[in-house]
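These notes are about the structure you will find just below.
The values are calculated or read from the model by the stated rules, or taken from the named source; none is laboratory data. Source: prediction; values computed, not measured. A quick note on method: Cβ atoms are made from the backbone with ideal geometry, for glycine too, and the neighbour counts reach across all protein chains shown. Only protein heavy atoms, including side chains, enter the accessible area calculation; ligands, DNA and RNA are left aside. Shrake-Rupley method; radii C 1.70, N 1.55, O 1.52, S 1.80 Å.
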Amino acid sequence: MAEYLKRGKPAAERAEDDAKTRAVVEATLADIEARGDAAVRELSEKFDNYAPENYRLSQQEIDDLIAQLSPRELADIKFAQEQVRNFAQAQRDSMLDIEVETLPGVILGHKNIPVQSVGCYVPGGKFPMVASAHMSVATASVAKVPRIIAATPPFNGKPNPGVIAAMHLGGAHEIYVLGGIQGIGAMAIGTETIDPVHMLVGPGNAFVAEAKRQLFGRVGIDLFAGPTETMVIADEHGADAELCATDLLGQAEHGYNSPCVLLTNSKKLAEATMLEIERILQILPTAGTARVSWEEYGEVIVCENYDEMLAIADDIASEHVQVMTDRDDWFLEHMTCYGALFLGARTNVSNGDKVIGTNHTLPTKKAGRYTGGLWVGKFLKTHSYQRILTDEAATLVGEYGSRLCMLEGFVGHAEQCNVRVRRYGGVNVPYGTGAPYRDPAK
């Protein structure tokens, strides 16, 4: 039976926070729909204290911002983006169009077609999330999306050069300095100056995640990517307290509501990690944020064995799962519900967040039970097509189709099949009846 040395905020309190967020987002999106640019401008002034003449950056403004970066900073951005592009391209190359002849004269196939317009949200109000631009914009570019627009909030009152450079180099066709609900709403609903997109992607805070949830259906979304989550699965063979504490706090600094969980079969390691966390919080510059996440959303769970660790890990379905044990491959083989795995002490979540090449937009709030993270395939729609080439095939399939339609009571459907049976097979099928069975072998 698992022992909880530390628990986070009760589920009821978290649900209450979610309800407040839902109400704010619903009212804000309705305002954007009703008043367009005027509402967006008011929201930007209110929440970001930012009111430029035009929220879309001109090419000259983009160039001027990129020029503020040092050669080293620009080279680092390009290196990270190359890793993301390379992996996304490998994924894209694995997705093939197909065409097969399933019966003589019956051709079935599918094509992978890019979504025609995408809005990429890049968080940046608290921390300028340069890497998020690679994950959304560059990946959409690999998928050959024809129109990629990107939105990010101002950072310290102005566009962040690193974020803008990453958006531009990633392939964004339009760049807007708009954050929060107003950025998401403007891209999805559209305004007088912004044409709406077909799909929204990218992580964000609770308000951004809720805005995407409410807009889903009107537009497509990548997934529900709310406040970041991290889990460390460790034993005494794979990690020590310093590694565990560092990896937990490294994600806790994202925001005030970032769940961070230690899952271990060693009470000694668990207790040592908790002490180490307190030590690091005394020297961590972002401790003001990380401490709140740790105190309100941090958990330490001591399990009896590895099977229990696995079961609890799959139940929590954390966004990031750092595995540091003597059986990392066993967890890779058996875990089924998570955002992304980071295997072994040499690996860490920050590598995945910033540079290694996998996508860091990942499912949260247990969404890993039914979806993976953002990848090039999210920007592609797989559409099927059918073609019948011979009279014999049209007759054969039509006869089966006719009878199956009548089985369901769809006479009009059946007649679509029957007219082909009459025309291409010369079989007399009275209107409103199913086609008679004929042995195709005879």
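In the stretch 356-374, the qualifying residues are those that are closer than 20 Å to Met335 by Cα and open to solvent by 50 Å² or more (accessible area, probe 1.4 Å), and the one that is modelled with the lowest pLDDT is Lys365.
Annotation: of all residues in the stretch 157-184 being within 10 Å of Gly119 (Cα to Cα) and small (Gly, Ala, Ser), the one that is least open to solvent (accessible area, probe 1.4 Å) is Gly183. Within the stretch 215-248, the set of residues being under 22 Å from Asp328 (Cβ atoms) and free of Cβ contacts under 8 Å to residues at least 60 places away in the same chain comprises Glu236, Asp240, Ala241, Glu242, Ala245, Thr246, Leu248.
Take Ala27 and tell me if it is modelled with pLDDT of 95 or more, over 16 Å from Gly180 (Cα atoms), in a helix (DSSP H, G or I) and out of contact with any His (no Cβ under 8 Å at 6 or more places or on another chain). Judged against the criteria, Ala27 is not a match. Scanning the stretch 356-371 for residues being within 17 Å of the chain's Cα centre (by Cα), of a type outside the set (S, T, N, Q) and part of a loop (DSSP other than H, G, I, E, B) gives a total of 7. A Cβ distance below 9 Å, combined with a sequence gap of six or more or placement on separate chains, defines the contacts here; from the stretch 416-432, residues that are under 16 Å from Cys405 (Cα atoms) reach residues that are basic (Lys, Arg) and at pLDDT 95 or above in the pairs Cys417/Arg403; Val429/Arg422.
Of the helices (runs of 4 or more DSSP H) entirely within the stretch 278-355, those holding at least 1 residues that are under 30 Å from Glu13 (Cβ atoms) and either open to solvent by less than 60 Å² (accessible area, probe 1.4 Å) or at pLDDT 95 or above (or both) occupy 287-297, 306-316, 349-354. The set of residues in the stretch 5-25 being loosely packed, with under 14 Cβ neighbours inside 10 Å and either without any contact (Cβ under 8 Å) to a residue 40 or more places away in the chain or more than 25 Å from Thr230 (Cβ to Cβ) (or both) consists of Pro10, Ala11, Ala12, Glu13, Ala15, Glu16, Ala19, Lys20, Ala23.
Apart from one condition, Lys381 fits all of (1) charged (D, E, K, R); (2) touching an Asp or Glu at 6+ places or on another chain (Cβ under 9 Å); (3) at pLDDT 95 or above; the exception is (2). When the stretch 32-42 is filtered for residues that are over 15 Å from Gly157 (Cα atoms) and crowded, with 18+ Cβ neighbours inside 10 Å, the ones remaining, listed by number, are Ile32, Gly36, Ala39, Val40. Considering the stretch 250-277 alone, what residues qualify as being under 23 Å from the mean Cα position of the chain (by Cα), part of a helix (DSSP H, G or I) and polar (S, T, N, Q)? Residue satisfying the conditions is Gln251 alone. Of the residues in the stretch 196-206, none is touching a Phe, Trp or Tyr at 6+ places or on another chain (Cβ under 8 Å), part of a helix (DSSP H, G or I) and farther than 17 Å from Ser141 by Cα.
Number of residues in the stretch 378-415 that are surrounded by fewer than 18 Cβ atoms within 10 Å (Cβ to Cβ) and either in contact with a Lys or Arg (Cβ under 8 Å, 6 or more places away or on another chain) or touching a residue at least 40 places away in the same chain (Cβ under 8 Å) (or both): the value is 10.
Among residues belonging to the stretch 43-69 that are within 16 Å of Gly157 (Cβ to Cβ) and either touching a strand residue (DSSP E or B) at 6+ places or on another chain (Cβ under 6 Å) or polar (S, T, N, Q) (or both), point out the one that is least open to solvent (accessible area, probe 1.4 Å). In this case the residue turns out to be Ser44.
Working only within the stretch 257-268, note down all residues that are among the aliphatic types (A, V, I, L, M) and surrounded by fewer than 24 Cβ atoms within 10 Å (Cβ to Cβ). Of everything in the stretch 257-268, just one residue is among the aliphatic types (A, V, I, L, M) and surrounded by fewer than 24 Cβ atoms within 10 Å (Cβ to Cβ), namely Val261.
Evaluation of Ile98 against the conditions (1) more than 25 Å from the chain's Cα centre (by Cα); (2) more than 30 Å from Leu396 (Cβ to Cβ); (3) of a type in the set (A, V, I, L, M, F, W, C) shows that the sole unmet condition is (2). Of everything in the stretch 86-140 that is under 29 Å from Arg213 (Cβ atoms) and of a type in the set (D, E, K, R), the residue that is modelled with the highest pLDDT is Arg92. Return yes or no: is Thr433 farther than 24 Å from Leu108 by Cα and of a type in the set (Ser, Thr, Tyr)? Yes, satisfied. Being farther than 25 Å from Pro114 by Cβ and open to solvent by 30 Å² or more (accessible area, probe 1.4 Å) holds for only one residue in Phe216, Phe224, Phe207, and it is Phe207.
Checking each residue in the stretch 144-163 for being under 23 Å from the mean Cα position of the chain (by Cα), part of a strand (DSSP E or B) and basic (Lys, Arg) picks out only Arg147. For Gly238, state whether it is within 27 Å of the chain's Cα centre (by Cα), open to solvent by 10 Å² or more (accessible area, probe 1.4 Å) and either within 20 Å of Val321 (Cα to Cα) or not aromatic (Phe, Trp, Tyr) (or both). Spelling it out, it is not the case that Gly238 is within 27 Å of the chain's Cα centre (by Cα), open to solvent by 10 Å² or more (accessible area, probe 1.4 Å) and either within 20 Å of Val321 (Cα to Cα) or not aromatic (Phe, Trp, Tyr) (or both).
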